[in-house]
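Visitor: One structure coming up, written as structure tokens, with questions to follow.
The values are calculated or read from the model by the stated rules, or taken from the named source; none is laboratory data. Everything numeric in this text was worked out from a predicted model, so none of it was measured. Here the Cβ positions follow ideal geometry from the backbone for every residue, glycine too, while neighbour counts run over all protein chains shown. Please note that ligands, DNA and RNA were not included when accessible areas were found on the heavy atoms of the full protein model with its side chains. Shrake-Rupley method; radii C 1.70, N 1.55, O 1.52, S 1.80 Å.
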Amino acid sequence: MTSLPHEPAVSGSSGSLADADVDLIVVPLFQDEPDSDESLEALDAGTAGALTRARARGELTGRAQELFFTDIVTESWSPARLLLIGAGPLSRLDRRLAEVLGGVAGMAARDRGLARVGVVARNELGTASLVQASLEGALLGAFRDFRFKTAPAPSSPLLHVRLLLDDRPWSAEHDAAVARAQALAAGANLARELSNEPANLLTPQAFGERAATLVTSSRTTVEILDEEAIAREEMGLLLGVSQGSVEPARVIVMRYTPPGKVQGPTLALVGKGVTFDTGGISIKPADSMDRMKRDMAGGAAVIGAMAALDRLQPSSAVLGIVPAAENMPGGRAIRPGDVLTAANGTSVEVLNTDAEGRLILADALTLAQRLGATHLIDIATLTGACVIALGHHASALVGHPDTWVEQVLHAAAAAGERVWPLPGDDSYNRQLDSETADVANIGGRPAGAITAGLFLKRFSGGLPWAHLDIAGTAWWEEAEAWHPKGASGIGVRTLATLCLLYTSPSPRDGLLSRMPSSA
């Protein structure tokens with residue numbers, strides 16, 4: 001995986017906080033912990049009693065999201081600054097909170113132009129799983145994208161994140177957690193960078209070129225299918241969507257082969273890569289159309305996950321497929337009422353040209369099967385209905401069978417990304433009936449996120465399949481203390497974690513998960 005220009009170095013150690021070679025120490029403070037904690041007493045001494053005075057004034061209580069900055073004035077200390085973060089009750093400590101605390105640390109250091117930050121893992125934060133979450137949060141929080149501003153960046157990049165254990169020894173499990181955190185966060189930040197890119201620069205062809213540069217490694221290859229190759233695969237849905245644009249479609253095919261690969265299952269990650277979506281003839285309103293450059297966030301998530309695999313080295317083969325196209329209202333654009341033929345021979349009546357993502361994903365799912373996939377998961381900014389149902393706090397999941405859906409939910413929970421399952425039974429299928437073709441590309445307003453998923457199910461070939469709709473989670477609409485506004489990189493960590501957990505004795509069985517002890 002190619003390193004990003006803004007990817008900080010990551011390390012960890014245990015020992016005295018006074019000797020930590022960092023500019024800022026970030027320490028979580030829990031609401032219900034005693035004042036007599038040894039590490040807090042040392043910090044109070046290093047700040048000449050600032051913690052005691054702040055507690056007396058009511059400025060330091062441990063309430064969630066409370067921030068307290070102060071200088072470290074004792075000359076024997078190497079760090080010069082201290083940030084205490086209110087973490088709420090210790091009883092509520094979980095992976096999500098650990099990631100948020102790390103995110104606050106990364107944001108605070110980056111915004112103040114500090115090159116080196118030490119994140120102190122106190123109490124149960126020192127377990128390997130929460131060390132990983134804290135570091136991922138710090139690396140995600142430190143991300144900034146100033147590529148298109150001509151003025152100098154308002155803050156210097158964060159160069160080094162160090163995880164500091166103050167109450168337990170460093171172990172090999174911690175080393176593994178650090179390596180996973182760096183790979184996963186780098187993949188997510190890569191996806192954020194791609195999603196932030198303007199559509200005049202990130203055309204389908206440029207998308208493929210970027211993927212080849214970022215993903216190609218000793219174990220991962222990238223092939224770009226041009227229009228002739230797409231036509232040979234009879235991907236009529238993808239070609240139909242793209243024909244209204246002067247930019248030709250591309251299909252990005254990435255293959256990861258593990259060391260010592262033997263015959264076994266192959267997981268396919270399929271991501272929607274619409275580099276700009278006007279809605280086509282069923283054109284979108286002008287308000288917020290500029291954000292349609294992010295309609296390739298699902299494809300970016302697949303690329304980010306595939307890029308991370310060279311570092312993570314899962315034990316099973318993985319395919320990554322991104323159909324890339326622009327959806328434009330040109331003179332050759334498809335019209336409502338047109339009928340297209342999919343790569344698997346299914347005829348599709350296009351009732352709404354703004355329901356284009358499911359069309360290109362359908363052909364990509366068929367291609368994945370031709371290339372040997374035994375398990376499928378697709379990810380896309382697919383429906384506004386998903387945003388209405390779940391807002392911006394969770395991604396939607398539709399899949400089959402239940403055992404496979406459970407595996408995806410398990411991977412998402414382990415990755416710290418919130419996913420909510422929607423029903424996907426066949427009773428919704430009647431909404432997709434077409435009087436003209438085998439299936440319509442929309443099922444009306446009711447249950448729109450579900451019927452979009454069930455449209456894709458028709459192209460899964462009976463394989464274990466899951467669909468993630470990230471329309472509401474691919475973009476942070478507002479900045480928070482632990483992340484900036486903009487692309488979120490959602491899905492990368494879920495997909496990569498699913499690859500890590502991927503084992504199965506039979507190609508069509510639900511996967512038998514095995515969580516690494518420190519994941």
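Visitor: Compute the accessible area per residue over the chain, keeping the other protein chains in place, probe 1.4 Å, unit Å².
Guide: 38 Å²
Visitor: Now, a different point. Find the percent of Cα-Cα distances in the stretch 449-501 that exceed 15 Å, and round it to a whole number.
Guide: Considering the stretch 449-501, 63 percent of its Cα-Cα pairs are separated by more than 15 Å.
Visitor: Now for a separate question. Report P(r) for the stretch 52-208: all Cα-Cα distances, bin width 5 Å, range 0 to the bin holding the largest distance, values in whole percent.
Guide: Going from the shortest bin to the longest, the percentages are 2, 8, 15, 18, 18, 15, 10, 6, 4, 2, 1, 0, 0.
Visitor: Express the relative contact order of the chain as a whole percentage, based on alpha carbon pairs under 8 Å and six or more residues apart in sequence.
Guide: Relative contact order of the chain: 16 percent.
Visitor: Take Arg294, Arg147 and sort them by solvent-accessible surface of the protein heavy atoms, 1.4 Å probe, largest at the top.
Guide: Result of the area sort, largest leading: Arg147, Arg294.
Visitor: Let me ask something else about it. I need the peptides 433-445, 454-466 ranked by packing, meaning the mean over residues of other C-beta atoms within 10 angstrom, with the highest value on top.
Guide: 454-466, 433-445
Visitor: Here is a further query. May I ask for the percentage of alpha-carbon pairs in the stretch 165-244 that lie more than 14 Å from each other?
Guide: Roughly 76 percent, rounded to a whole number.
Visitor: Across the Cα atoms of the stretch 21-116, what radius of gyration and what greatest pairwise Cα-Cα distance (Dmax) are found, in Å?
Guide: Taking only Cα atoms of the stretch 21-116, I get Rg and Dmax of 13.0, 36 Å.
Visitor: Gain in length, Leu201 to Asp71, computed as 0.36 nm per residue apart minus the alpha-carbon separation, to one decimal in nm?
Guide: 42.4 nm
Visitor: Apply the Karplus curve 6.51 cos²θ - 1.76 cosθ + 1.60, θ = phi - 60°, to the phi angles in the stretch 308-318 and return the couplings in whole Hz, x for Gly and Pro.
Guide: Taking θ as phi minus 60°, the curve returns 6, 5, 4, 7, 6, 6, x, 8, 10, 5, 9 Hz for the stretch 308-318.
Visitor: Share of the stretch 270-399's accessible area from carbon and sulfur, percent, 1.4 Å?
Guide: 52 percent
Visitor: Got the relative contact order for the stretch 384-501 handy, in percent, Cα pairs under 8 Å and 6 or more residues apart?
Guide: Answer for the stretch 384-501 is 37 percent.
Visitor: In nm, give the distance between the simple-model label positions of Arg63 and Arg112, each being 7 Å from the Cα along the Cα-to-Cβ direction.
Guide: 2.1 nm
Visitor: Shifting gears a bit: Would any residue of the stretch 259-297 have its amide N under 15 Å from a label point 7 Å out along Cα→Cβ of Val387? List them or say none.
Guide: The answer is 277-279, 284-297, whose backbone nitrogens lie closer than 15 Å to the label point.
Visitor: Starting from 0.36 nm per residue, how many nanometres of slack lie between Asp226 and Asp438 once their C-alpha separation is accounted for?
Guide: My answer for the length gained is 73.6 nm.
Visitor: What's the center-to-center distance, using Cα atoms, between the stretch 106-121 and the stretch 376-403 in Å?
Guide: If we compute the Cα centre of each part, the gap is 34 Å.
Visitor: What does the convex hull of the alpha-carbon atoms of the chain project to on average, in nm²?
Guide: 24.2 nm²
Visitor: At 20 °C and 1.002 mPa s, what whole-number value in µm²/s does Stokes-Einstein give for the translational diffusion of the stretch 248-322, with Rh from the Kirkwood sum over Cα pairs?
Guide: Estimated diffusion coefficient is 152 µm²/s.
Visitor: How far is helix 357-370 tilted off the main Cα axis of the chain, in degrees rounded to 10, range 0 to 90?
Guide: 90 degrees
Visitor: Going through the cross-link list Lys149/Lys284; Lys149/Lys272; Lys284/Lys457; Lys149/Lys293; Lys272/Lys457, which pairs have a Cα-Cα distance over 21 Å in this structure?
Guide: Violating the 21 Å limit, Cα to Cα: Lys149/Lys284; Lys149/Lys272; Lys284/Lys457.
Visitor: In terms of modelled amide H atoms, which long-range or inter-chain residues lie less than 5 Å from the amide H of Asp378?
Guide: Answer set, sorted by chain and number: Val270, Ala466, His467, Leu468.
Visitor: Expressed in nm to one decimal, what extension gain is obtained for the pair Lys485 and Asp167 from 0.36 nm per residue of sequence separation less their Cα-Cα distance?
Guide: Full-extension gain reported as 111.0 nm.
Visitor: Using alpha carbons only, what's the Rg to Rh ratio of the stretch 379-491 with Rh from Kirkwood?
Guide: Using only Cα positions, Rg/Rh for the stretch 379-491 is 1.01.
Visitor: Next question. Nearest-5 percent of antiparallel DSSP beta bridges in the chain?
Guide: 40 percent
Visitor: Evaluate 2.2 N^0.38 Å with N set to the residue count of the stretch 164-312, then give the Cα radius of gyration divided by it.
Guide: Compared with the compact-globule rule of thumb, the stretch 164-312 sits at 1.26.
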